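The values are calculated or read from the model by the stated rules, or taken from the named source; none is laboratory data. Keep in mind that this is a model prediction, so the values were computed, not measured. Please note: Cβ atoms are built from the backbone with ideal geometry, for glycine as well, and neighbour counts cover all protein chains shown. Only protein heavy atoms, including side chains, enter the accessible area calculation; ligands, DNA and RNA are left aside. Shrake-Rupley method; radii C 1.70, N 1.55, O 1.52, S 1.80 Å.
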Amino acid sequence: MRYLFPFCLVVLFSSCFGSFSEGERLFRMGAYEEAVNEFSEALFLNVTDIKSLHLRARSYEELEDFESALEDYKSILRLEPQYAQAHAGIGKLYWKMEDYRNAENHLLVAAKYAPEDFDILFLLGRTLLLNRRYESADEFFQLAKDLKPKDKSVYFYQGMARSQIGDLLGAAGSFNMCLRYDPDNLVAKYNRGLVLMRIGYISWALEDFEAILKAKPEHVEALAHRGMAKLMSQDPTGCLDLQQAEARGSQYAKLHIDACR
């Protein structure tokens with residue numbers, strides 16, 4: 001009996017502090033401030049609880065307290081240097097702060113330790129695209145595509161990367177696949193039209209520009225490119241498109257209006 005009171009005191013004392021499961025529940029509910037408090041209480045008793053540090057960092061991230069999130073991710077890496085999600089979390093923070101060079105560095109490390117994590121590979125590909133490392137971006141989008149072969153966004157961004165490295169047939173194929181899974185994506189359709197023009201598939205390019213203008217008549221660059229595509233197929237009404245596009249401020253039309261003079 002003499003040991004009962006101290007044991008009960010420890011149990012009562014421990015129950016005053018947070019738990020990972022309750023913090024996780026609050027995080028899933030979107031109650032991020034409450035989740036931070038819960039994880040902080042749990043970490044008071046166990047400062048090396050990586051799961052609590054990770055979800056507290058994610059909670060801080062949702063609250064846009066990037067400095068606190070960064071500190072938690074760094075704490076995780078001091079405990080477990082190969083923890084891929086902490087590297088990815090830091091990369092994502094730098095992405096949100098538009099520091100794409102640092103984002104790339106951390107996401108590359110994350111991809112090294114988690115080579116089958118779609119989200120890491122996809123964000124790394126987008127980061128490389130912004131950093132104008134187009135061939136590397138294409139490679140990582142390919143890896144992401146292998147993991148999720150029906151993801152429309154991967155095909156879209158891979159098409160953008162391939163356009164930049166001059167793989168026009170590959171870019172057209174990527175945009176085709178994007179539009180298979182997202183047929184209303186006008187940006188993909190417009191970019192496919194540009195690529196098709198460059199590789200000489202003028203009638204198909206015209207179809208894309210027509211579809212864009214039907215859905216969005218104010219798209220002045222689609223109008224300008226439709227005009228040029230018409231002229232390339234010996235249709236003189238292309239000059240009317242170019243003239244109208246030039247009058248509405250299209251730089252492309254201004255560059256090519258001499259074809260109508």
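What do you get for the angle between helix 4-15 and the principal long axis of the chain? Use alpha-carbon atoms, 0 to 90 degrees, nearest ten.
Helix 4-15 and the main axis of the chain meet at about 20 degrees.
Please list L255, L186 in order of solvent-accessible area, largest first, computed with a 1.4 Å probe with all protein chains present.
Ranking L255, L186 by accessible area, largest first, yields L255, L186.
Once the Cα atoms of helix 186-198 and of the chain are each reduced to a long axis, what angle between those two axes, in degrees from 0 to 90 to the nearest 10, is obtained?
Rounded to the nearest ten degrees, it is 50.
What's the longest uninterrupted piece of the chain once you rule out the GluC sites (Glu not before Pro) that are loop residues per DSSP with at most 14 other Cβ within 10 Å?
117-217
Among rounded, prolate and oblate, which fits the stretch 103-184 when a ≥ b ≥ c are the square roots of the eigenvalues of its C-alpha gyration tensor, a/c under 1.5 means rounded, and a/b larger than b/c means prolate?
Oblate shape, in that a/c is at least 1.5 and b/c is the bigger or equal ratio.
In whole Å, what are the extents of the stretch 166-245 along the principal axes defined by its C-alpha atoms, from largest to smallest?
Principal extents (largest minus smallest coordinate, Cα): 34, 24, 17 Å.
Rounded to the nearest 0.05, what FRET efficiency do R101 and R198 give with R0 = 25 Å and r taken as the Cβ-Cβ distance? Could you check?
0.25
If you work out mean projected area of the Cα convex hull in nm² from the coordinates, which of [x] 18.2; [y] 23.1; [z] 16.5 do you get?
[x]
Would you work out the charge dipole size for the chain about its Cα centre, treating the Cβ of every Lys and Arg as +1 and the Cβ of every Asp and Glu as -1, and quote it to the nearest 20 debye?
660
What do you get for the angle between helix 202-215 and the principal long axis of the chain? Use alpha-carbon atoms, 0 to 90 degrees, nearest ten.
Helix 202-215 sits roughly 60 degrees off the main axis of the chain.
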